[in-house]
1. Would you check which residues across the stretch 1-11 are within 11 Å of ligand 2 (Cβ to nearest atom) and either touching a helix residue (DSSP H, G or I) at 6+ places or on another chain (Cβ under 6 Å) or open to solvent by 20 Å² or more (accessible area, probe 1.4 Å) (or both) and list them?
2. Residue 114: outside any helix (DSSP H, G or I) and surrounded by fewer than 21 Cβ atoms within 10 Å (Cβ to Cβ), yes or no?
3. Under the condition of being within 8 Å of ligand 1 (Cβ to nearest atom) and without any contact (Cβ under 8 Å) to a residue 60 or more places away in the chain, which residue from the stretch 15-53 is nearest to residue 122 (Cα to Cα)?
4. Against the conditions (1) touching a strand residue (DSSP E or B) at 6+ places or on another chain (Cβ under 7 Å); (2) assigned to a helix (DSSP H, G or I), where does residue 179 fall short? Just the number, please.
5. Residue 70: touching a Cys at 6+ places or on another chain (Cβ under 6 Å), closer than 18 Å to residue 286 by Cα and either within 10 Å of ligand 1 (Cβ to nearest atom) or open to solvent by less than 40 Å² (accessible area, probe 1.4 Å) (or both), yes or no?
6. Which residues, counting only those in the stretch 174-184, are touching a residue at least 12 places away in the same chain (Cβ under 8 Å), open to solvent by 30 Å² or more (accessible area, probe 1.4 Å) and not acidic (Asp, Glu)?
7. State all residues of the stretch 289-302 that are open to solvent by 10 Å² or more (accessible area, probe 1.4 Å) and not hydroxyl-bearing (Ser, Thr, Tyr); if no residue qualifies, say none.
8. Please state which of the following conditions residue 237 fails to meet, knowing it meets all the rest: (1) touching a residue at least 40 places away in the same chain (Cβ under 8 Å); (2) over 23 Å from the mean Cα position of the chain (by Cα); (3) in a loop (DSSP other than H, G, I, E, B).
Amino acid sequence: MYKDKKVVFSGVQPSGQLTIGNYLGAIKNFAEFSDEYRCYYCVVDEHAITVRQNPAELRRRTYETLALYIACGLDPEKNVLFVQSHVSGHAELGWILDCYTMFGELSRMTQFKDKSKKNTDNINAGLFTYPALMAADILLYQTEMVPVGSDQKQHLELARNIAERFNGIYGETFVVPEPFINKTPSARIMSLAEPTKKMSKSDENENATVRILDEKDVIIKKFKRAVTDSGSEVRALDGKDGIINLMSIYGAFTGKSFEEIEREFEGRGYGDFKLCVGEACADALAPVREEFKRLMNDKAYLEDVIAKGAMEAYRDSLKTMSKVRRKVGFIEKPRF
Ligand code: ATP
Ligand code: LTN
């Protein structure tokens, strides 16, 4: 707890250009906590290297992700915005928590199963133990609440189990965190190419994703190509995954419910609907794109934010780290 404020933590991997899934499922919800909570929003570069990355691209995307946090409305004065690898406690606590996480638990994680199917030539130990590092990110700051998309629910449950297990052995050490998942369908945005799969920023099929930074004409073209069924009615019926996904996206950007959308598009075809979804999405994201461009041209400012975030997060992490070291039986660190 920081000055009596409860703590919120979340992270995004700099593993690709961010999608509207990342925006609607996660980042868009971050800012609403800034006043009442002590908020840490982290660019989780250590998680990103569980899949092979090009070093120059990883560096660029780390800056971009941080700039996008700010462009999406996160004020660096009100939130701790930082890069995971700048605070050694994440990796340090990650290792310790590895030793309190069971092989069987990690084997059940669907993200591990999915990613190991996609990266058959690089099923490394980090990809497997990823959820223990994620638990460390969260527990390091005594986090109460973690805003995420619904794909992260399973990892959050594991983080809770790890915290409870550790507390059970050593006495109260960690706050047990709660996930905060949007109640609306936008907690899980699906791929535009395969609407039964989640939209994912590392998807290589460009038609599957809409990126936050895509230009308006690109966004409109991508929605035009979105896979739907052969029908023509804009209705949220069972099996119409493509249309339901587009309705979720349209609803998230316009605030309209499914019933309102069905009424609005009664008697109009898919083509008309897709164009409206594209326009609503592009218009809502235009200010984010503008602000992002401005920030990326101000590297000095971004460096300042990164330095301040690293300092604050590091300072705030020390208390938990020394408590954990003591509890597990490590001797005190010499001062030098
Ligand atoms: P990758 O493709 O590299 O696995 P990702 O697109 O799944 O990346 P993450 O960095 O792993 O994105 O996730 C950042 C946040 O965005 C998480 O809170 C996650 O739940 C959320 N998120 C990711 N994809 C979606 C989606 N399709 N719908 C809603 N939320 C999402
Ligand atoms: N695992 C998340 C990213 C992530 C995260 C976190 C989210 C890493 N550490 C801590 C919330 C809190 C993902 O793959 N989407």
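The values are calculated or read from the model by the stated rules, or taken from the named source; none is laboratory data. Because the structure is predicted, anything quoted here is derived from the model rather than measured. Using ideal geometry, Cβ is built from the backbone for each residue, glycine included, and neighbour counts are taken over all protein chains shown. Side chains included, ligands, DNA and RNA excluded: accessible areas come from the protein's heavy atoms. Shrake-Rupley method; radii C 1.70, N 1.55, O 1.52, S 1.80 Å.
1. So in the stretch 1-11, the residues within 11 Å of ligand 2 (Cβ to nearest atom) come out as 8-11.
Across the stretch 1-11, the qualifying residues are 8, 9, 11.
2. Working: outside any helix (DSSP H, G or I): no; surrounded by fewer than 21 Cβ atoms within 10 Å (Cβ to Cβ): yes.
No; evaluated as a whole, the condition is false for this residue.
3. Within the stretch 15-53, the match that is nearest to residue 122 (Cα to Cα) is 48.
4. Result: residue 179 passes all but (2).
5. Details: touching a Cys at 6+ places or on another chain (Cβ under 6 Å): no; closer than 18 Å to residue 286 by Cα: yes; either within 10 Å of ligand 1 (Cβ to nearest atom) or open to solvent by less than 40 Å² (accessible area, probe 1.4 Å) (or both): yes.
The answer is no for residue 70.
6. Residues of the stretch 174-184 that are touching a residue at least 12 places away in the same chain (Cβ under 8 Å), as a first pass: 174-182, 184.
Filter again for open to solvent by 30 Å² or more (accessible area, probe 1.4 Å), leaving 175-176, 178-182, 184.
175, 176, 179, 180, 181, 182, 184 - these are the residues of the stretch 174-184 that are touching a residue at least 12 places away in the same chain (Cβ under 8 Å), open to solvent by 30 Å² or more (accessible area, probe 1.4 Å) and not acidic (Asp, Glu).
7. Within the stretch 289-302, the first condition is being open to solvent by 10 Å² or more (accessible area, probe 1.4 Å), and the residues that meet it are 289-294, 296-301.
Listed by number, the residues that qualify are 289, 290, 291, 292, 293, 294, 296, 297, 298, 299, 300.
8. The single condition residue 237 does not satisfy is (1).
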